[in-house]
Amino acid sequence: MKLLHYLFALGLITSFNACVQKAKPDAANAGLKLPQGFSAIKAADGLGAARHIAVASNGDLFVKLERLKDGKGIYLLHDANKDGYIDQMNGFGNYIGTGIYLQNGYLYTSSNEDVYRYKLAADNKPIDANNPEKIIIGLISRHEHEAKAFTLDNDGNIYVNIGAESNSCQEQDRSPGSMGMQPCPILDSAAGRWEFKADKPNQTYCDGVHYAKGLRNVVGL
């Protein structure tokens, strides 16, 4: 976990491998302590805090940001000359959030209330970056643990985390000795994971399956 946090703090880091044959590792591996046989370079910097990333088969990186950069919350990073350093950055999406996933020629992303998908061209750029397809809409966002992490399976389903605004449904939140409410009134729409279809537009809670309950906030799926 410390390594992951350090990666985000430094900027995006890519491992030194066959995809970047011309590159030489940064001095002291850009400040990372790595196992024997691994090297690292700082591929890109200055994007701010990254939440999640997705890697395309050609090595392109899609980065989901915690804060907008130049009005954009998603960046496509491309290393054109394969020297290990990012030389092309293209931003799109005017929302922040956590979730990002590549599957079957689509890039799936999430805001704090919705899940979108973009059809990608051969160069991995969205075909219509300004008009993503809305897959899921209207999810609860109460300004605490609101980021919607998600993952997809190979059977056409998407699983979305909906975080709770409370630690444990206490009567007085974060107050020592305060008991949890029974039953917990937020479990119908938060503190769990919901299953939806990955290709059906404009789904709401009513279309989903309440897949798992009682999970305060599952960021890494």
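The values are calculated or read from the model by the stated rules, or taken from the named source; none is laboratory data. Quick caveat, the model's predicted, so the values are computed rather than measured. Virtual Cβ from ideal backbone geometry, glycine too; neighbours counted across all protein chains shown. Calculation scope for accessible area: heavy atoms of the full protein, side chains included, ligands and nucleic acids excluded. Shrake-Rupley method; radii C 1.70, N 1.55, O 1.52, S 1.80 Å.
A few notes on this one:
- Residue among Gly138, Gly163, Gly97 that is in contact (Cβ under 8 Å) with a residue 12 or more places away in the chain, small (Gly, Ala, Ser) and touching a strand residue (DSSP E or B) at 6+ places or on another chain (Cβ under 8 Å): Gly97
- Take the conditions (1) within 19 Å of the chain's Cα centre (by Cα); (2) within 16 Å of Tyr101 (Cα to Cα); Asp155 misses just one of them, which is (1).
- Filter result (open to solvent by 70 Å² or more (accessible area, probe 1.4 Å) and among the acidic types (Asp, Glu)) within the range 67-95: Asp70, Asp87
- Within the range 151-193, the set of residues being open to solvent by less than 30 Å² (accessible area, probe 1.4 Å) and of a type in the set (A, V, I, L, M) comprises Leu152, Ile158, Val160, Ile162, Ala164, Ile186, Ala190, Ala191.
- Of Ala49, Ala44, Ala40, Ala23, all but one fail to be touching a helix residue (DSSP H, G or I) at 6+ places or on another chain (Cβ under 7 Å), open to solvent by less than 20 Å² (accessible area, probe 1.4 Å) and either modelled with pLDDT under 90 or farther than 21 Å from Pro126 by Cβ (or both); the exception is Ala40.
- Here Ala122 clears all of (1) open to solvent by 50 Å² or more (accessible area, probe 1.4 Å); (2) of a type outside the set (Lys, Arg); (3) out of contact with any strand residue (DSSP E or B) (no Cβ under 9 Å at 6 or more places or on another chain); (4) closer than 24 Å to Gly220 by Cβ except the condition numbered (4).
- Residue check for Ile127: within 25 Å of Glu66 (Cα to Cα), at pLDDT 95 or above, open to solvent by 10 Å² or more (accessible area, probe 1.4 Å) and within 22 Å of the chain's Cα centre (by Cα): yes
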